[in-house]
Amino acid sequence: MSQLPPLAALRAFEAVARLGSVVKAAESLNVTHSAISHQLRTIEDFLGLSLFLREGKRLQLTEEGRIYALRIRGALADMSEATQRVLTRPKPNDITIGVVPSFALNWLVPRLPDFKAKYPQYTVSLRAGLGFEEMNNGLLDMAVRMGSGGWDGMKQVHLMDDYHIMVAAPSYQPRPTSVNDIKTATIIHNPAIPWATWCQAAGLADWRPTPSYSYNDSNLELEAAQLGHGIMLARTSLVESHLANGTLVQISDICVPYQYPYWLVWPDRSSTSGKIADFSVWISEQAHAYLENSSWADAIHEKNHKINSLNN
C-alpha cells in the first residue's frame, strides 16, 4: 500500500474543512488549537500543496482542498463503519438474535433465564427489528420472524403458530358479557391486526370496529389495554403472562388462528454452529411447552379436529 498521511492529520483536516474553523475542529476532536494547526501543516507538507487559503485567522479551502476533503470524509466514514461492524459482529460465545420487539418483551425475555441456566457459557444479545439486513451483514447469528416462511437464503425452523383473542383490563367497564356488547365497547386498534377472521368466528361478519385509539405498535396497545382504556384483539403469545398475572382478562372465548407463525431463521451460508443448534433446540422446546399449556391452542385443535371429522 502506498504511503498515507498520518490518520490524525487526516482527521484534523476533515474537521477543519467541515466546520470551517480551527477552533471548532479542536473542540470537536477534543484537542488544542495548536495541535490542529500542527496537523494541517503536516498534511500540507506531506502533499506538497496548500489545502487552505489563509487570510489572517480565516481559512478557506482551495479547490484541491475541497475535492480532497470530500474524498477523505467518505474514506473516514467507511473506516468508521468497517470498525463498527468488526466490533459488533457476534463473538464465538455471543448469541445475537434479531427479534420482533413485542415478542421479545412479552414472550422471549421472560424465558431467557432458563436458557442462561442451561447454557451459562453464552452471552445473549437481543436486537429489536423486523428485517433481515443485519443478518445479511453478519451482525446477527439468527432471528425470530413472523411470516409465511420460505425466505431465500435462509435456514428456518417453524416455532409455533399464534392466535387472536379479545382482552381487556379487569378495571375496564362496562366489561362486555356478549358478542354484541363488544360492538359498543371502546376499541384499541392496530391497523396491522386483521379483525375479519375474529368477526367471522363471532358471527359479526358484517361488522368492523370503529377504533377510539389506534396504535401501530403492539406494546403500546398492550399498555393502553392494561390501563383500562378499552378492549383489544391480541396475539396470545403477547398476553400470556398478562393473563396469568391478572393485568388482563379474556372477555370472549372466541379464539382464531393468526395468519403468520413464528420462525427461527439464520443465513443459509452459516454453518449450523453449536450456539445456533443449542438455541434452536432450546427455543423449540420452549415453544412446544408453551403450546402444550395453552388453553386456546387446545380449543383450536379441538375445533379443527371436529371440522376434519365432519369432512371425512
Segment 177-191, residues that are touching a residue at least 12 places away in the same chain (Cβ under 8 Å), surrounded by fewer than 17 Cβ atoms within 10 Å (Cβ to Cβ) and in a helix (DSSP H, G or I): 179, 183
Given the options 174, 209, 194, 170, name the one that is surrounded by fewer than 17 Cβ atoms within 10 Å (Cβ to Cβ), in contact with a His (Cβ under 9 Å, 6 or more places away or on another chain) and either at pLDDT 90 or above or not basic (Lys, Arg) (or both). 194
Close pairs (6 angstrom Cβ cut-off, 6 or more residues apart or separate chains): farther than 13 Å from residue 164 by Cα in segment 245-264, in a loop (DSSP other than H, G, I, E, B) anywhere: 249/170; 263/149
Return the residues of segment 270-312 that are over 20 Å from residue 154 (Cβ atoms), of a type in the set (S, T, N, Q) and at pLDDT below 90; say none if nothing qualifies. 293, 294, 295, 304, 308, 309, 311, 312
May I ask you to say which residue of 54, 71 is assigned to a helix (DSSP H, G or I) and either assigned by TED's automatic domain parsing to the domain that holds residue 223 or out of contact with any strand residue (DSSP E or B) (no Cβ under 6 Å at 6 or more places or on another chain) (or both)? 71
Of the residues 281, 265, 256, which single one is among the β-branched types (Val, Ile, Thr) and under 25 Å from residue 177 (Cβ atoms)? 256
Scan segment 154-163 and tell me whether some residue there is assigned to a strand (DSSP E or B), in contact with a Pro (Cβ under 8 Å, 6 or more places away or on another chain), farther than 25 Å from residue 219 by Cβ and not acidic (Asp, Glu). yes
Can residue 160 be described as surrounded by 14 or more Cβ atoms within 10 Å (Cβ to Cβ) and over 19 Å from residue 290 (Cα atoms)? no
Here are 132, 103: which of them is under 18 Å from the mean Cα position of the chain (by Cα) and at pLDDT below 85? 132
Taking the criterion of being of a type in the set (D, E, K, R), in a helix (DSSP H, G or I) and touching a helix residue (DSSP H, G or I) at 6+ places or on another chain (Cβ under 6 Å), would at least one residue in segment 80-101 satisfy it? no
Please work out which residue is surrounded by the most Cβ atoms within 10 Å (Cβ to Cβ), limiting yourself to segment 115-133 and to residues that are part of a loop (DSSP other than H, G, I, E, B) and not aromatic (Phe, Trp, Tyr). 129
Restricting to segment 238-269, name every residue that is under 30 Å from residue 137 (Cβ atoms) and in a loop (DSSP other than H, G, I, E, B). 258, 259, 260, 261, 268, 269
So which residues in segment 200-237 are of a type in the set (Phe, Trp, Tyr) and assigned to a loop (DSSP other than H, G, I, E, B), if there are any at all? 207, 215
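The values are calculated or read from the model by the stated rules, or taken from the named source; none is laboratory data. These figures come from a predicted structure and were not determined experimentally. Note that each Cβ is placed from the backbone with ideal geometry, even for glycine, and that neighbours are counted across all protein chains shown.
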